[in-house]
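I have placed the structure first, in the form of structure tokens, so that the comments after it can refer back to it.
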Amino acid sequence: MPDHDDARPASSPALRLFLARLLSRSRLDGSAQKAILDLPGTLTKVRRNENCVEIGTRSSHACLVTEGVAARWGQTLDGQRQITALHLPGDMPDLQALVLSGATLGLQALSPVVILRVPHAALRKIAATPQIAESFWRDCAADAAIASEWVINLGRRKARTRIAHLICEVAMRLGKGEDDAFVFDLPITQNHIADATGLSTVHVNRSLQDLKKAALAELAGHEVRVMDWPSLRAAADFHPAYLHLGDNS
């Protein structure tokens, strides 16, 4: 469970990550931005592979990822888990819990993670401002669009294409993709990739080797090296419109 002994006071850098995410899809005036940066919260460390949120639980706060990589997950009756989304710094994976009675999906730390726990009451208070409420709505709608693309990825794409698509998505969400070659951190294991793509670890390893041999991308430890971004996008059948980044009209 989260290490509450290491909880720290909220800090503006953590909230600036969330604000940057909202601004990537919505326009917010100065007073709205200040309201978000003034949100209260507590920073809490969560160890690798521990749950930040359990399925079925009710919470009085939302989780803002400030460091590391977390994942939403569901599971079958026999306990098998499926990762349904990856969450990076700046994401608030359970923002929709403001209007739901309980968590229908869990949230797990795939790497050591720092979470800013923001009280629902504070989020509801600032959401009384229409501009902020719309930005929250857009954020949740974007998450739904990403979830729909993941269904297509799992249901219709082949193994190598699924993994290439996942790499492309994370790269774009981290602000990469302006250069033909670049490097970024992805501190997750091949087991996590398997759970996110509905593949066995054997298929994951084989597909990663194929991407490396084709000089498209390489996963070395927790670092992804993209060698040919245009060709990787083509191999991934990746079209970033579903991310709605820069869609802040």
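The values are calculated or read from the model by the stated rules, or taken from the named source; none is laboratory data. What you are looking at is a predicted structure, and each value in this text was computed from that prediction instead of being measured. Positions of Cβ are backbone-derived with ideal geometry, glycine not excepted, and every protein chain shown enters the neighbour counts.
Can you confirm whether G246 is surrounded by fewer than 16 Cβ atoms within 10 Å (Cβ to Cβ), within 22 Å of Q108 (Cβ to Cβ) and of a type outside the set (K, R)?
Working: surrounded by fewer than 16 Cβ atoms within 10 Å (Cβ to Cβ): yes; within 22 Å of Q108 (Cβ to Cβ): no; of a type outside the set (K, R): yes.
Here the answer is no, as G246 does not meet what is asked.
Let's see how each residue does on (1) at pLDDT 95 or above; (2) touching a Cys at 6+ places or on another chain (Cβ under 9 Å); (3) outside the structural domain of Q108 (by TED's automatic domain parsing); (4) not basic (K, R):
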residue	(1), (2), (3), (4)
S12	no, no, no, yes
R16	yes, no, no, no
L19	yes, no, no, yes
S26	yes, no, no, yes
T42	no, no, no, yes
V46	yes, yes, no, yes
T76	no, no, no, yes
Q80	no, no, no, yes
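For S59, all conditions in the list (1) more than 25 Å from I163 (Cβ to Cβ); (2) part of a strand (DSSP E or B) hold save one; what is the number of the exception?
Among (1) more than 25 Å from I163 (Cβ to Cβ); (2) part of a strand (DSSP E or B), the lone unmet condition for S59 is (2).
Among the candidates K176, K212, single out the residue that is outside any helix (DSSP H, G or I) and either aliphatic (A, V, I, L, M) or outside the structural domain of R21 (by TED's automatic domain parsing) (or both). Walk me through how you get there before you give the answer.
Details: K212 fails: outside any helix (DSSP H, G or I).
On inspection, the qualifying residue turns out to be K176.
If you scan the stretch 78-113, which residues turn out to be under 21 Å from A145 (Cα atoms), in contact (Cβ under 8 Å) with a residue 60 or more places away in the chain and either in a loop (DSSP other than H, G, I, E, B) or of a type in the set (F, W, Y) (or both)?
Scanning the stretch 78-113 gives L88, P89, G90, D91, M92.
For R72, work out the one condition from (1) surrounded by fewer than 17 Cβ atoms within 10 Å (Cβ to Cβ); (2) basic (K, R); (3) not in a loop (DSSP other than H, G, I, E, B) it doesn't fulfil.
Evaluating R72 over (1) surrounded by fewer than 17 Cβ atoms within 10 Å (Cβ to Cβ); (2) basic (K, R); (3) not in a loop (DSSP other than H, G, I, E, B) leaves (1) as the failure.
Based on what the data block shows, is A241 aliphatic (A, V, I, L, M), surrounded by 16 or more Cβ atoms within 10 Å (Cβ to Cβ) and farther than 21 Å from P187 by Cβ?
Working: aliphatic (A, V, I, L, M): yes; surrounded by 16 or more Cβ atoms within 10 Å (Cβ to Cβ): no; farther than 21 Å from P187 by Cβ: yes.
It is false that A241 is aliphatic (A, V, I, L, M), surrounded by 16 or more Cβ atoms within 10 Å (Cβ to Cβ) and farther than 21 Å from P187 by Cβ.
For the condition among the hydroxyl-bearing types (S, T, Y), within 25 Å of R81 (Cα to Cα) and touching a Lys or Arg at 6+ places or on another chain (Cβ under 7 Å), what is the one hit in T197, T201, T161, T189? Give the steps one after another, and end with the answer.
Working: T201 fails: touching a Lys or Arg at 6+ places or on another chain (Cβ under 7 Å); T161 fails: touching a Lys or Arg at 6+ places or on another chain (Cβ under 7 Å); T189 fails: touching a Lys or Arg at 6+ places or on another chain (Cβ under 7 Å).
Selected residue: T197, the only one of T197, T201, T161, T189 that is among the hydroxyl-bearing types (S, T, Y), within 25 Å of R81 (Cα to Cα) and touching a Lys or Arg at 6+ places or on another chain (Cβ under 7 Å).
Touching a His at 6+ places or on another chain (Cβ under 7 Å) and either of a type outside the set (A, V, I, L, M) or surrounded by fewer than 18 Cβ atoms within 10 Å (Cβ to Cβ) (or both): is that true of P119 in this structure?
On the way: touching a His at 6+ places or on another chain (Cβ under 7 Å): yes; either of a type outside the set (A, V, I, L, M) or surrounded by fewer than 18 Cβ atoms within 10 Å (Cβ to Cβ) (or both): yes.
In short, yes.
For D210, state whether it is without any contact (Cβ under 8 Å) to a residue 60 or more places away in the chain, surrounded by fewer than 18 Cβ atoms within 10 Å (Cβ to Cβ), more than 30 Å from G106 (Cα to Cα) and in contact with a helix residue (DSSP H, G or I) (Cβ under 7 Å, 6 or more places away or on another chain).
Details: without any contact (Cβ under 8 Å) to a residue 60 or more places away in the chain: yes; surrounded by fewer than 18 Cβ atoms within 10 Å (Cβ to Cβ): yes; more than 30 Å from G106 (Cα to Cα): yes; in contact with a helix residue (DSSP H, G or I) (Cβ under 7 Å, 6 or more places away or on another chain): yes.
The answer is yes for D210.
Can you find, within the stretch 114-135, the residue that is farthest from A32 (Cα to Cα) among those that are assigned to a helix (DSSP H, G or I) and basic (K, R)?
Just the residues of the stretch 114-135 that are assigned to a helix (DSSP H, G or I), to begin with: 120-126, 130-135.
Keeping just the survivors that are basic (K, R) gives 124-125.
Working: R124: 13, K125: 12 Å.
Result: R124.
Quick one: would you say A103 is among the small types (G, A, S), over 16 Å from F18 (Cβ atoms) and crowded, with 22+ Cβ neighbours inside 10 Å?
Working: among the small types (G, A, S): yes; over 16 Å from F18 (Cβ atoms): yes; crowded, with 22+ Cβ neighbours inside 10 Å: no.
For A103, the condition - among the small types (G, A, S), over 16 Å from F18 (Cβ atoms) and crowded, with 22+ Cβ neighbours inside 10 Å - is not met.
So E169 fits all but one of (1) over 13 Å from the mean Cα position of the chain (by Cα); (2) in a helix (DSSP H, G or I); what number is the exception?
Of everything listed in (1) over 13 Å from the mean Cα position of the chain (by Cα); (2) in a helix (DSSP H, G or I), E169 misses just condition (1).
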